[in-house]
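J.: There's a structure below that I have some questions on.
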Amino acid sequence: MVSIIYKTNTDDLEEILEVHQQGGKILCPLCNSDLLILDSYASASAHQKRPGIYCPTSDEHVNCTFLLADRHDEVWRRFEERMQKHREL
């Protein structure tokens, strides 16, 4: 089994997710805890978080949220609606 220490600024996110999906461990660079990889809304809601990568010891160690593609269009639509309402005021 592969173990990788996660480096937030330099690691390729796709590579990290691939290692995770193949059963590898992604470790916190500060405490070596097994990071929570929440790559779906279902897994994220089970932990009461947004999709992303988190250290279970402390969110200050690793806290990286994802904007999943299935919600990307919805986020921009809401943003445009808010901007339009703001312009109308």
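The values are calculated or read from the model by the stated rules, or taken from the named source; none is laboratory data. Keep in mind the model is a prediction, meaning the values are calculated, not measured. For neighbour counting, all protein chains shown are included, and Cβ atoms are generated from backbone atoms with ideal geometry for every residue, glycine included.
J.: Just to be sure before I move on: is residue 59 out of contact with any Asp or Glu (no Cβ under 9 Å at 6 or more places or on another chain), modelled with pLDDT of 90 or more and among the acidic types (Asp, Glu) in the structure I sent? Outline the logic, then answer.
T.: Values: out of contact with any Asp or Glu (no Cβ under 9 Å at 6 or more places or on another chain): yes; modelled with pLDDT of 90 or more: no; among the acidic types (Asp, Glu): yes.
Considered against the rule, which asks whether it is out of contact with any Asp or Glu (no Cβ under 9 Å at 6 or more places or on another chain), modelled with pLDDT of 90 or more and among the acidic types (Asp, Glu), residue 59 comes out as no.
J.: While we're on this one: Need pairs with beta-carbon distance below 9 Å; first residue farther than 22 Å from residue 5 by Cβ and within the stretch 42-62, second among the small types (Gly, Ala, Ser); sequence gap 6+ or separate chains.
T.: 44/52; 50/44
J.: Under the condition of being touching a residue at least 12 places away in the same chain (Cβ under 8 Å) and surrounded by 14 or more Cβ atoms within 10 Å (Cβ to Cβ), which residue from the stretch 1-23 is nearest to residue 67 (Cα to Cα)?
T.: Per the criteria, the residue is 17.
J.: Here's a follow-up. Is it the case that some residue within the stretch 72-85 is within 15 Å of the chain's Cα centre (by Cα) and in contact (Cβ under 8 Å) with a residue 24 or more places away in the chain? Give the steps one after another, and end with the answer.
T.: First, pick out the residues of the stretch 72-85 that are within 15 Å of the chain's Cα centre (by Cα): 72.
Next, only the ones that are in contact (Cβ under 8 Å) with a residue 24 or more places away in the chain stay: none.
No, that holds for no residue.
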